[in-house]
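Input: a single structure, listed below in structure tokens.
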């Protein structure tokens, strides 16, 4: 997988998350646990769905021992962290944890189109 491809998936997913997650939960994000565990759905959409299912673009398989963009692959199986299958945002943050603050700014400000 190429970095541009994973970033495109992560951006699509983040765009959805900033729409369907409450502003309060987006403001309180920290890098201590999964973003998806911290974000709370707004709760007034037509169909009630968990955020990982509503906003997921692709599931990404990462090599557990040596995660890298070169070893990342798209999975047809659903998110399963125990088997190293992550959503796009989680995979991005595993590979590039230094971008967490940029991602948080993206989630909070609709004018930002890139991180």
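Nothing in this text is a laboratory measurement; each read-out follows from the coordinates by a stated rule. Not measured: the values here are computed from a predicted model. Every residue, glycine among them, receives a Cβ derived from its backbone with ideal geometry; neighbour counts consider all protein chains shown.
Brief remarks follow.
- Computed per residue of the chain from DSSP H runs no shorter than four, each worth -39500 (n - 2.57), the mean residue ellipticity at 222 nm is -11500 deg cm²/dmol.
- When 5, 98, 70 are arranged by Cβ crowding within 10 Å, least crowded first, meaning fewest neighbours, the order is 98, 70, 5.
- Protection-proxy order for peptides 56-69, 8-21, each taking the mean of Cβ atoms within 10 Å per residue, highest first: 8-21, 56-69
- Quotient of C-alpha Rg and 2.2 N^0.38 Å, computed over segment 45-88: 1.30
- Rounded to two decimals, the Cα-based Rg/Rh of segment 14-80, with Kirkwood Rh, is 1.02.
- Cβ-to-Cβ counts within 10 Å put 40, 89 in ascending order as 40, 89, the fewest first.
- Between residue 100 and residue 77, the distance separating the two model label sites (each 7 Å from Cα on the Cα→Cβ line) works out to 2.7 nm.
- Using R0 = 35 Å, the C-beta based FRET efficiency linking residue 16 and residue 66 works out to 0.75.
- FRET E, pair residue 110, residue 24, Förster distance 22 Å, beta-carbon r, rounded to 0.05: 0.85
- The relative contact order of the chain comes to 31 percent, based on Cα pairs under 8 Å that sit 6 or more residues apart.
- Across segment 42-101, C-alpha contacts under 8 Å between residues 6 or more apart give a mean separation that, scaled by the residue count, equals a relative contact order of 32 percent.
- Diffusion coefficient (Stokes-Einstein, Kirkwood radius over C-alpha pairs, 25 °C, 0.890 mPa s) for the chain: 172 µm²/s, rounded to a whole number.
- In terms of other Cβ atoms within 10 Å, 26, 105, 111 run from fewest to most in the order 111, 105, 26.
- Rounded Å value of the spacing that divides the Cα centres of segment 57-115 and segment 1-24: 9
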